[in-house]
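To start, the structure itself, in structure tokens.
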Amino acid sequence: HDCYYVLMKAISPRVIWQNAEGYCLDVSEMTHLVGVASLKIEVTDSWSSLQDVWFIENQELFDNVSWLPPEATGTLIYYAGNIHQVLLAWLAHQQRCHKLILFPDYDGVGLSNYVRLYERVGQHAQFWLMPNWQQKLQEIGGRDLWIKNRPLFDASLIKLRQLGVVGEIWRLVELMQHSALALEQETVFIDI
């Protein structure tokens, strides 16, 4: 398909997406009125926002945004499992927002999504680490999830090195390898 439908909601006031033709989508108003907004995108369109974009792959986190840090602003975008190729190409075509922040599961699939995003937009993509992630990984991390997605984790690790990715993500990767555990997004709601 040449187009993709982005499911989004505002996480702060006055979240507006606009294009070069002068059209605007008031995501804050749509979120207030009907709980969600949707935007039909095509790779070469000009839709953009001046605020941040957060990507999450879990509907529970899309429905209940209480997990977001108090300073978070912009748009929350839901993707199911893997970031769609049209969405990746759209993000790569031009800068669409201030910052791209990915909060995936801490497993092979999540790491793979970060690699795919980083390959397209480089350092513009950030990997978000939830509060107390180290303790959560050690205490409630899952070995079955780690084993299931280990080949994807290993392949993503090679690509991260090739891309020269730097930052906190390496602390996560090292602890995951050392403990042989993975962590799902939903643990953001568990206080430890």
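Read the figures in this text as sums done on the coordinates, not as results from a lab. Note that the coordinates shown come from a computational prediction; the quantities given were computed from them, not determined experimentally. Cβ placement follows ideal geometry from the backbone for every residue including glycine, while neighbour counts extend to all protein chains displayed.
Using the eigenvalues of the Cα gyration tensor, what equivalent ellipsoid semi-axes result for the chain when each is taken as the square root of five times the eigenvalue, whole Å, largest first?
Details: eigenvalues 168, 75, 36 Å².
Ellipsoid half-lengths, sorted descending, are 29, 19, 13 Å.
Which of the GluC sites (Glu not before Pro) found in the stretch 57-142 are in a DSSP loop and have at most 11 neighbouring Cβ atoms, other than their own, within 10 Å? Working shown, then result.
Values: sites: Glu57, Glu60, Glu71, Glu119, Glu139; in loops: Glu57, Glu71.
Sites meeting the loop and neighbour criteria: Glu71.
Please give the peptides 161-167, 22-28 ranked by average Cβ packing (other Cβ atoms within 10 Å per residue), highest first, as a rough proxy for protection.
On the way: 161-167: 11.4, 22-28: 15.0.
Taking the mean over residues of other Cβ atoms within 10 Å, the ranking is 22-28, 161-167.
Between the stretch 106-151 and the stretch 1-73, the C-alpha centres lie 23 angstrom from each other.
What is the mean projected area of the alpha carbon convex hull for the stretch 73-175, to one decimal in square nanometres? Write down the numbers at each step before the final one.
Details: hull surface 27.4 nm².
Convex hull of Cα atoms, orientation-averaged projection: 6.9 nm².
When the scattering of the stretch 1-75 is computed by the Debye formula from its Cα atoms alone, each counted once and equally, what is log10 I(q)/I(0) at q = 0.15, 0.17, 0.19, 0.23 Å⁻¹? Computed log10 I(q)/I(0) values: -0.51, -0.66, -0.82, -1.15.
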